[in-house]
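Each remark here refers to the structure printed beneath this line.
The values are calculated or read from the model by the stated rules, or taken from the named source; none is laboratory data. Since the model is a prediction, treat every value here as computed from it, not as a measurement. FYI the Cβ positions are ideal-geometry reconstructions off the backbone, even for glycines, and counts take in every protein chain you see.
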Amino acid sequence: MTSESVKSNGWASYPAGAWNAKRPASLVNDVPFWQYCAERYGQPVLDLCCGNGRTAIPLAELGYEVIGVDINPDFIASARERAGADERLPVAFEVQDIVHLRLDGKFRLAIMPDWSFQVLLTQEDQLSFLQSLRQHLRPGGVFAFNVFIPFNRQRGLRESDGKYEWAPDPSYHAGAPRTYDPITQIETLVESNIHTVQLRHTSLSELELLFRLTGFEIVELYGDVDRRPFTGGGDEDYTIVVASSRVASNKNRTVALTGILAVRGFAVPVENELTLGLRRGMWRGQKEIYPVKESSFRPR
Ligand SMILES: C[S@@+](CC[C@H](N)C(=O)[O-])C[C@H]1O[C@@H](n2cnc3c(N)ncnc32)[C@H](O)[C@@H]1O
């Protein structure tokens, strides 16, 4: 079954050659962050929307067992080819739609680098993906990913006849035309003579609700892959969120884990505005957001 996102997000038929040219391994310096996650939360690692293996292969080179999945068969072929030189690498690649994952085995860590969560264009697909992912995580397994902060991303949007667009920026995708639909929250990027891709912007509070509906909870939140404190503004382009599937009945463990969120506990299903406001106030002042006590959380 092909998800709605795949039908329109433009990725399934993106030519691998064009993507590889745009995405050399050196372009995004995020591998140390995913390595930090693997060290902290363990393996096997599931690399969701792995593209050409840009992050899966370096993790496997460090000795982590990794499965990479992507909707684009051309990208998967390219990833296999790049990994192929060393047959001992503990990495495998599969063509899969992340909205309906079907993999053998369960993972301690799933990563989703490079804003790939945004390829999911509807809440339905986001929910289905998170539910499907949860089925593939071991108890206490962790999901780490990054997304653009919508407000930051929307800077410079201009309106003309009810349509929203950004002025062409030669330093961004060679000035490719970009438009935004405020109702669907979808940005459309027409890469000059290459391809059209779409990405949905999701606010942090919307993400929190999606997590709550699917049994995840934020355990670490940063302003960048260098793990700087999250403030939500300034020059931060995106945020890193790590969510963990949780055993609902173990209230003490949750309280210990969340620290500043102790008042909430896990038995209270709905968080009120005051609690949310308090948390946001705390985020701004915290060095490590959602400070996870070292001793309290260990993936099983
Ligand atoms: C922004 S690229 C990131 C690629 C890679 N993670 C990286 O960091 O270089 C987004 C990726 O998501 C993949 N993708 C899009 N929709 C997907 C879906 N429904 N299921 C699996 N992969 C998908 C695309 O094919 C593409 O490789």
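Can you name the residue in the stretch 130-156 that is part of a helix (DSSP H, G or I) and without any contact (Cβ under 8 Å) to a residue 40 or more places away in the chain and, of all such residues, is farthest from the chain's Cα centre (by Cα)?
First, pick out the residues of the stretch 130-156 that are part of a helix (DSSP H, G or I): 130-135, 150-153.
Next, only the ones that are without any contact (Cβ under 8 Å) to a residue 40 or more places away in the chain stay: 132, 135.
Working: SER132: 15, GLN135: 17 Å.
Applying the filter and picking the extreme gives GLN135.
The set of residues in the stretch 77-87 being of a type in the set (A, V, I, L, M) and in contact (Cβ under 8 Å) with a residue 24 or more places away in the chain consists of ALA77, ALA79, ALA83.
Hey, could you check the stretch 133-179 for residues that are small (Gly, Ala, Ser) and in contact with a strand residue (DSSP E or B) (Cβ under 9 Å, 6 or more places away or on another chain) and say which is modelled with the lowest pLDDT?
Of the residues in the stretch 133-179, the ones small (Gly, Ala, Ser) are 140-141, 144, 156, 160, 162, 167, 171, 174-176.
From what is left, the residues that are in contact with a strand residue (DSSP E or B) (Cβ under 9 Å, 6 or more places away or on another chain) are 140-141, 144, 156, 167, 174, 176.
Values: GLY140: 89, GLY141: 94, ALA144: 95, GLY156: 86, ALA167: 87, ALA174: 77, ALA176: 84.
Checked the stretch 133-179; the qualifying residue modelled with the lowest pLDDT is ALA174.
Given (1) near the ligand (Cβ under 9 Å from one of its atoms); (2) not in a loop (DSSP other than H, G, I, E, B), identify the lone condition not met by ALA18. If we test ALA18 against (1) near the ligand (Cβ under 9 Å from one of its atoms); (2) not in a loop (DSSP other than H, G, I, E, B), just (1) comes out false. Just so you know, in the stretch 26-63 the residues that are near the ligand (Cβ under 9 Å from one of its atoms) and either at pLDDT below 85 or in the same structural domain as ILE186 (by TED's automatic domain parsing) (or both) include one that is nearest to ARG134 (Cα to Cα), and it is VAL28. Please work out which residue is farthest from GLU217 (Cα to Cα), limiting yourself to the stretch 145-198 and to residues that are loosely packed, with under 11 Cβ neighbours inside 10 Å and among the aliphatic types (A, V, I, L, M). In this case the residue turns out to be ALA167. Determine whether the stretch 115-138 contains at least one residue that is closer than 22 Å to VAL28 by Cβ and surrounded by fewer than 20 Cβ atoms within 10 Å (Cβ to Cβ). Looking through the stretch 115-138, at least one residue is closer than 22 Å to VAL28 by Cβ and surrounded by fewer than 20 Cβ atoms within 10 Å (Cβ to Cβ).
Tell me, yes or no, whether the stretch 4-15 has at least one residue that is surrounded by 17 or more Cβ atoms within 10 Å (Cβ to Cβ) and either more than 9 Å from the ligand (Cβ to nearest atom) or at pLDDT 95 or above (or both). No - not one qualifying residue is present in the stretch 4-15. If I filter the stretch 88-97 for residues that are without any contact (Cβ under 8 Å) to a residue 40 or more places away in the chain, near the ligand (Cβ under 8 Å from one of its atoms) and buried (at least 19 other Cβ atoms within 10 Å of the Cβ), do I get at least one hit? Yes: one or more hits. Among all residues of the stretch 30-50, there is at least one that is surrounded by fewer than 15 Cβ atoms within 10 Å (Cβ to Cβ) and touching a residue at least 12 places away in the same chain (Cβ under 8 Å).
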